Amino acid sequence: MKSKQEMRSSRTSSSSSYYSVDGNTKPVPSSVLPSFIKELVDVDAADTYGENECSSCMLKQESEKTLMHVSALAEWQLKRCFEWFEKVDMLREVRENDLNILVKSAWCELMVVNLSRRSLSLANEVMLCKDHVLDFKSAEVSGIGDIVQRAVQLTAKLKNINLDNVEFSCLKVVIMLNPGKKVNNCYEIVINT
């Protein structure tokens, strides 16, 4: 039986169009991806939070700066959740009431996943943006120690399983469509995927 790495290697040699997070991840040929997954990856690739200058970094006091970053991350994540439902064909079928339930139940978990993904190169810290790295002690002072602790723990697990960008996108959809609450048409959407 082939390992995950061997399967990826054999798939990548047969296509010239690839999806990849950065130079360190394994490319996945777009020819083997279902159209739904391609859409997810394309929408997810547009998530550039923290790559540009941010107004939160302009603040002088560290705890204010941290809280502003977390508020901006939360706002960004909510916006991104709704964008997924607008831009991914299969997710457009979700009714507005169900959409609201899904976003309310998933945005925080998705924010932690994105925070962890952004922090993969760090040890026991999280990257709020390109110019603001936060350790647990500083997070405790700002009142967000629990969030940072969860993000650091998740980052360690994500490092061990070494997900590529396709797998990250799929993980996020699983989080999004698994609200722990009854929603009317999401079950059918998941089953048909």
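The values are calculated or read from the model by the stated rules, or taken from the named source; none is laboratory data. All of these numbers come straight from a predicted model, not from anything done at the bench. No Cβ is skipped: glycine too gets one built from the backbone with ideal geometry, and neighbour counts run over all protein chains shown. Areas reflect the complete protein model, heavy atoms only, side chains present, ligands, DNA and RNA absent. Shrake-Rupley method; radii C 1.70, N 1.55, O 1.52, S 1.80 Å.
With a 1.4 Å probe and every protein chain kept in, tell me what percent of the accessible surface of the range 84-124 is carbon plus sulfur. Mind showing how you got there, number by number?
On the way: 960 of 2040 Å².
The computed percentage sits at 47.
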Label-point separation, residue 136 to residue 67 (7 Å along Cα→Cβ), nm: 2.4 nm
Listed residue pairs exceeding 24 Å between alpha carbons, taken from 104/172; 137/172; 38/130; 137/159; 79/172; 38/65: 137/172; 38/130; 38/65
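Where does the charge balance sit around residue 37 when Lys and Arg score +1, Asp and Glu -1, over other residues with C-beta under 13 Å from its C-beta?
Values: positive: 38, 172; negative: 39, 42, 44, 89, 164, 167.
Counting the neighbours of residue 37, the net charge comes to -4.
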Heavy-atom accessible surface of the range 128-180: percent carbon and sulfur, 1.4 Å: 52 percent
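Provide 58, 90, 111, 68 ordered by accessible surface of protein heavy atoms (probe 1.4 Å), highest first. Can you show the working numbers first?
Working: 58 130, 90 30, 111 10, 68 90 Å².
Most to least solvent-accessible, the answer reads 58, 68, 90, 111.
At 0.36 nm per residue, minus the direct Cα-Cα distance, what do residue 46 and residue 159 gain on full extension? Give it in nm, one decimal, please.
Values: separation 113, 0.36 × 113 = 40.68 nm, distance 2.23 nm.
Contour length minus the Cα-Cα distance gives 38.4 nm.
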Additional length obtainable on full extension of the chain from residue 108 to residue 83, 0.36 nm per residue less Cα span: 7.4 nm
